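Worksheet: one structure, shown below.
What follows draws every value from the coordinates through simple rules; no lab data is involved. From a predicted model like this one, the values you see are computed outputs, not experimental measurements. A quick note on method: Cβ atoms are made from the backbone with ideal geometry, for glycine too, and the neighbour counts reach across all protein chains shown.
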Protein chains: 2
Amino acid sequence: MTNIAILGFGVVGGGVAKLITDNYKEVLRLGGDEINIKYILDLRDFPDSPFADKVVHSFDVIAEDPEVDTVIEVMGGSHPAYEYTIRALEAGKNVITSNKEVVANFGDEFLNIAEKKNVSYRFEASVGGGIPVISPMISCVGQNKISEVRGILNGTTNYILTKMFTFGDSFEESLKDAQEKGFAERNPDADILGTDACRKIAILGALATGNLIPTDKIHTEGITKIRGEDVEASAKVGLKIKLLGRCIISDKGVQIMVAPFMLRDSEALSTVSGVYNAIEVVGEPIKSAMFYGPGAGAGPTASAVVGDLMQIMQSGTKCAKPVMNKTDEHLLPFSDFESQSYIAVKGGCENCVKGAFGEVQFIDADGEIAFITAKMSEAKTEEALKALSDKGIEIKSRIRLL
Amino acid sequence: MTNIAILGFGVVGGGVAKLITDNYKEVLRLGGDEINIKYILDLRDFPDSPFADKVVHSFDVIAEDPEVDTVIEVMGGSHPAYEYTIRALEAGKNVITSNKEVVANFGDEFLNIAEKKNVSYRFEASVGGGIPVISPMISCVGQNKISEVRGILNGTTNYILTKMFTFGDSFEESLKDAQEKGFAERNPDADILGTDACRKIAILGALATGNLIPTDKIHTEGITKIRGEDVEASAKVGLKIKLLGRCIISDKGVQIMVAPFMLRDSEALSTVSGVYNAIEVVGEPIKSAMFYGPGAGAGPTASAVVGDLMQIMQSGTKCAKPVMNKTDEHLLPFSDFESQSYIAVKGGCENCVKGAFGEVQFIDADGEIAFITAKMSEAKTEEALKALSDKGIEIKSRIRLL
């Protein structure tokens, strides 16, 4: 008998309890042992829930009960998730989480304690909802020389960008629609400013490199500055705008960022629409593997959490474990990052553009000059943009190409 | 120290040896133990290879050496792969394979012996090349109620269909191009007749259901009858033709098949182009997870083989193991399978079509009558087609819709 405690009885916590109950036969077959949901920690009571008698209001009950093998932390936020996780691990309990914030901030610390205490810390649900990506990255892809892990890591922004692309809507209209459909929060900042994607690429980058880069060192741009005009211009030359998290690994070091990129149709990630997420791992000799699915939602997220539970029940600590050190030691300065850029300016002339950027590809645009530059470093691009600004030319937009 | 033996020093065998050698640091970090390639079994000698001194010509040497922990069978074909696998497992050695034919035919038997002997039998590379799909299906998705596993399982046919769709080429032209580019064998029958995809869906279906359906019981159609006219007509109504393997699971039983299907643009699988493979698992509560990548090639396949080796070295037999029984007990008759169909006929009139099929959606087609039927069983569709034939109307084409 495995006794578990669920911290937080919100949509994910409820989904976990439901999955274990509804699919008990499958779960039992895989885990090989009876599962008992012994406690559910929440501030609220749920008198009408079938799990009403499991609800407790103090974490002490769980931490101090030696029968609890595994704690499932699905509260979200850094605190008290951090403190509860530490206490559970120190008490010799496995911990499973769907909480990307706490993994991105403290994953290194948790994995160290888990190692010391010979228990597991698992976080499949923290990236990509139900999509299996953390576990395959560790167990199936790790023997490759990974040169990049990148992905569409946020369903809300992908929905908004898909809406702008498909219907020609503005950012504001598309955000409003996403909010009405329940795909965006009333306060959508964590999504549209790139914070959520930043945490996820920090986690994926740590799996690929062993280094958990502090999120405040990750260059992060959201999608709020993308205009309908940019979407239209990019479509004209067969490009689609996606918010990407990227961690690029070379002999020189690591480049990690979240920003909108324009993708060619031939890129697998360009085909990922709506609220879907996808993560692509590029390396040798595998070439490329992509993991795709709904990136959020109670059901998919619960699937990932219970998948972690099954793996702990089957293999205990004998599964491959990631190692993370929190460091930005190998991080290259963002000013060195090289890419082509799409740029739109108002005023000036094509020759002024060529004067600043050299040869570019002009895109037909209404009342603006839009163009795609050669591959240049951030530093050089910024310099050329400044040269245009200095001439009184207004920079309307800049989006990098993948 | 783990000693391994590689059976077959072709492209995959060579790729495995190369990956272990080139990425030794990554492999060692994951596996936690030194790896020694002790033997390579091949009929040929390779005097110029760095592995020349490992080559042996008799399997006896390997079977009788108690130091060999793991045998990597990358020979292909049913025999002697079957006999070698049995002997290796019986001798208490783990076996890893990339050989879909031998897994589809004898996977149940191998897994039974492995269980008895407390060793592992793993076959990640048998489906989808380097794409992690077998392991995630077992470890990450198994707790779901799976309602379907389906995929583009053959890169050669997907390349041909992509070529027909993109350039309007005929099947014959596209096949010739695929052969010239090395994507199709000189004898392409196993690919274009669906045999290869049939073995792969048998394996995936067995993972999802526990039942390994004999491949001769799987309804299998290839792509040889698809005409340029069909590709054109389908494009007109926003559909793309893909060769799919499908295993559909319901309370009534299992339906399993390989056939060309027309997919709407909104289907994730419709975006998979060229030689790429993708496998989609549909279930509750995960909704959908898709695994995507190059489905073949020495590098990706070697990545999957070595991934299996890492997992054996980490977890031994403590990983989740699939269970398979060879049976068609739960297989529903194909005549019950229900789908919409695209049909093209020559002669007759729209009213004759309606007489046989009821209400249909007509597609504008040159010199033919093309239409899409309502959802009907195979039996009913065949009956309606016969009614048209009996009137002297020539059936030019029929392709199901997903």
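Quick notes on this one:
- Axis proximity, chain A to B: residue whose C-beta lies nearest, plus whole-Å distance: A:T271, 2
- Shielding by partners, peptide A:141-149 (average Cβ within 10 angstrom, other chains): 6
- Rounded to 0.05, the FRET efficiency of the A:F167 and A:E359 pair, given R0 = 25 Å and the Cβ-Cβ distance, is 0.15.
- Checked against a 24 Å cut-off, the cross-linked pairs A:K176/A:K242; A:K93/B:K93; A:K252/A:K380 give Cα-Cα distances beyond that limit for A:K93/B:K93.
- Between amide H atoms placed 1.01 Å from N, distances below 5 Å from B:T220 occur with B:V258, all of them 5 or more places distant or on a separate chain.
- What separates the A:M1 label point from its copies, with the point 7 Å along Cα to Cβ, is 4.8 nm, written shortest first.
- Calculated P(r) of the stretch B:355-402 - Cα pairs past 13 Å, %: 60 percent
- Percent of beta bridges antiparallel (DSSP, the stretch B:219-347, rounded to nearest 5): 85 percent
- Taking each DSSP H run with n ≥ 4 as -39500 (n - 2.57) and averaging over every residue of the protein assembly as shown yields -11000 deg cm²/dmol at 222 nm.
- Set of aspartates and glutamates near B:K391 by C-alpha distance (under 14 Å), chain-local residues within fewer than 8 positions excluded: B:E350, B:E383
- The order of A:L28, A:L263, going from fewest to most other C-beta atoms within 10 Å of their C-beta, is A:L28, A:L263.
- Semi-axis lengths (Å, descending) of the ellipsoid that matches the C-alpha gyration tensor of the protein assembly as shown: 38, 38, 30
- Working note: Karplus 6.51/-1.76/1.60 with θ = phi - 60° gives the stretch A:268-284 the couplings 4, 5, 5, 8, 8, 10, x, 7, 6, 10, 8, 10, 10, 10, 10, x, 10 Hz, where Gly and Pro are set to x.
- Copy-to-copy label separations for B:G358, where each label sits 7 Å from Cα toward Cβ, in nm and ascending: 6.6
- Legend: mean number of C-beta atoms from other chains within 10 angstrom of residue C-beta atoms, peptide B:274-285, equals 3.
- Fraction of antiparallel bridges per DSSP, the protein assembly as shown only, in percent to nearest 5: 65 percent
- Derived from the Cα gyration tensor, the three semi-axes of the equivalent ellipsoid of chain B are 43, 22, 17 Å, largest first.
- Within the stretch B:250-338, trypsin sites (Lys or Arg not before Pro) in DSSP loop having at most 14 other beta-carbon neighbours inside 10 Å: B:K252
- Ranked by how many other beta carbons lie within 10 Å on average, peptides B:300-311, B:11-22 from highest: B:300-311, B:11-22
- Spread over its residues, the convex hull of the C-alpha atoms of the stretch A:137-198 is 120 Å³ per residue.
- Entry for the stretch B:139-294 at q = 0.18 Å⁻¹: log10 I(q)/I(0) = -1.06, Debye formula applied to identical alpha-carbon scatterers, no solvent contribution.
- Converting phi to 3J(HN,Hα) with the Karplus coefficients 6.51, -1.76 and 1.60 and the offset θ = phi - 60°, the stretch A:323-340 yields 10, 9, 10, 7, 6, 10, 3, 9, 6, 7, x, 4, 4, 7, 5, 10, 7, 6 Hz in sequence order, with x at every glycine or proline.
- Plainly put, the tip 7 Å out from Cα toward Cβ on A:K321 is 2.5 nm from that tip on each other copy, the closest given first.
- Footprinting exposure proxy ranking of A:K242, B:K181, fewest other C-beta atoms within 10 angstrom first, gives B:K181, A:K242.
- Cβ neighbours within 10 Å from other chains - mean over B:129-137: 6
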